[in-house]
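The values are calculated or read from the model by the stated rules, or taken from the named source; none is laboratory data. Note that the coordinates shown come from a computational prediction; the quantities given were computed from them, not determined experimentally. Methodologically, a virtual Cβ is constructed for each residue, glycine included, from the backbone with ideal geometry; neighbour enumeration extends over all protein chains shown. Heavy atoms of the whole protein, side chains included, go into the accessibility calculation; ligands, DNA and RNA do not. Shrake-Rupley method; radii C 1.70, N 1.55, O 1.52, S 1.80 Å.
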Amino acid sequence: MDALDLALVLIAAFAAGAVNAVAGGGSLLTFPTLLAVGIAPVPASITNTLGLMPGYLGGTHAYRAELAVQRHRVRILVVPAALGAVAGALLLLVSPEAVFEAVVPYLVLLAAVMLALQPRLAGWVASRPRGTRELPVALLAVTFLGGVYGAYFGGALGVILLAALGIVLADDLQHINALKSVLSVVINGVAVAVFVFSPHVHWATVAVMGVGSLAGGRLGVGVARRLGAAQLRRVVVAVAFVAAAVLLVRG
């Protein structure tokens with residue numbers, strides 16, 4: 001990668017940091033950018049996960065109060081989330097690259113559709129009955145599958161987790177949001193711990209993305225908020241659909 005490529009990645013990561021702070025789905029900006037500068041799909045996915053990891057920590061810290069009242073639930077669910085992340089990360093590393101290249105356009109499309117539906121999904125979750133602290137078996141399975149998806153690809157992971165958790169867990173939206181945030185940190189943290197030993201990592205790109213996403217989350221969030229979550233979501237969804245179309249044509 002030359003200086004221009006790194007500059008493009010930096011800009012995309014900055015935008016992703018700002019978008020993640022307001023609307024979510026920032027990885028759908030950086031992943032296509034990594035592909036555009038010449039990184040193959042599997043290394044791009046792994047590098048994307050490592051580069052955007054710092055951005056997940058702030059959201060969890062902001063939900064301290066909501067997490068405090070569901071510590072028991074969190075302690076149990078981090079186990080299937082971590083196991084799913086290990087499975088997803090290993091699946092990405094050991095399966096043929098051709099398999100990932102074949103499915104990644106559809107994963108991008110899935111993430112884009114889920115992101116487009118985010119307001120409706122959040123509204124549906126909020127309308128469900130509240131107050132239960134039960135841990136149905138389905139919740140363990142959903143959390144495991146979320147870990148697999150998050151480590152294998154991870155686009156719009158937060159949106160997908162929110163929808164999946166809302167299906168099987170009847171509780172306050174803010175509690176589910178907090179749970180989604182901490183599980184996202186666990187899934188991405190475990191994936192990073194596995195990927196850090198992979199030869200697919202583009203470390204210079206990871207460093208640039210880390211700086212860009214942190215700066216975007218702090219400096220770009222003001223502009224992002226003025227634009228509004230709905231406008232940002234439309235931009236990210238449009239980019240993701242274009243990226244998926246390009247990948248399908250190339251395939």
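If you take the beta carbon distance between Leu8 and Ala126 as r and set R0 to 41 Å, what does 1/(1 + (r/R0)^6) give as a FRET efficiency, to the nearest 0.05?
Details: r = 38 Å, r/R0 = 0.92.
Computed FRET efficiency for Leu8 and Ala126: 0.60.
If packing is taken as the average count of other Cβ atoms within 10 Å, what order do 114-125, 91-102 fall into, highest mean first? The partial results should precede the final answer.
Working: 114-125: 17.2, 91-102: 14.0.
By packing density, highest mean first, the sequence is 114-125, 91-102.
So what are the ³J(HN,Hα) numbers for the stretch 46-53, from phi and the Karplus equation (6.51, -1.76, 1.60; θ = phi - 60°), rounded to whole Hz, Gly and Pro as x?
Karplus-based 3J(HN,Hα) across the stretch 46-53 equals 5, 5, 4, 4, 5, x, 9, 3 Hz.
Could you run the Karplus curve 6.51 cos²θ - 1.76 cosθ + 1.60 with θ = phi - 60° over the stretch 96-108 and give me ³J(HN,Hα) per residue in whole Hz, x for Gly and Pro?
Going residue by residue, I get x, 4, 4, 5, 4, 4, 6, 8, 4, x, 6, 5, 5 Hz, with x marking Gly and Pro.
With all pairs of different alpha carbon atoms counted, what Kirkwood hydrodynamic radius in Å does the stretch 14-57 show?
Details: mean 1/r = 0.0955 Å⁻¹.
Kirkwood radius, the stretch 14-57: 10.5 Å.
Under the rule of -39500 (n - 2.57) per DSSP H run of 4 or more residues, summed and divided by the residues of the chain, what mean residue ellipticity at 222 nm is obtained, to the nearest 500 deg cm²/dmol?
Working: 14 runs with 202 residues, N = 251.
Rounded to the nearest 500, the figure is -26000 deg cm²/dmol.
If contacts are Cα pairs under 8 angstrom and at least 6 residues apart, what is the relative contact order of the chain in percent?
41 percent
Give, in whole angstrom and from largest to smallest, the semi-axes √(5λ) of the equivalent ellipsoid of the chain, with λ running over the eigenvalues of the Cα gyration tensor. Intermediate results must be reported in sequence, preceding the final value.
Numbers: eigenvalues 152, 82, 57 Å².
The equivalent ellipsoid of the chain has semi-axes of 28, 20, 17 Å.
Take every Cα-Cα pair in the stretch 1-94 and report what % of them are more than 19 Å apart. Mind dumping the intermediate values first?
Values: 2350 of 4371 pairs.
Every Cα pair in the stretch 1-94 considered, those over 19 Å come to 54 percent.
Using the Kirkwood formula over every pair of different C-alpha atoms, what hydrodynamic radius in Å results for the stretch 144-206? Walk me through the intermediate numbers first.
Values: mean 1/r = 0.0792 Å⁻¹.
12.6 Å is the Kirkwood radius here.
Using a probe of 1.4 angstrom, how much of the accessible area of the chain is carbon and sulfur, in percent?
Details: 7750 of 11100 Å².
Here carbon and sulfur together make up 70 percent of the probe-accessible area.
If the only charges are +1 at each Lys and Arg Cβ and -1 at each Asp and Glu Cβ, what is the size of the charge dipole of the chain around the Cα centre, to the nearest 20 debye? Present the calculation step by step, with values, prior to reporting the outcome.
Numbers: 15 positive and 8 negative charges, 165 e Å.
Taking the Cα centre of the chain as origin, the dipole is about 800 debye.
Per residue, how many Å² of accessible area does the chain show with a 1.4 Å probe?
Spelled out: the 1.4 Å probe surface of the chain, per residue, equals 44 Å².
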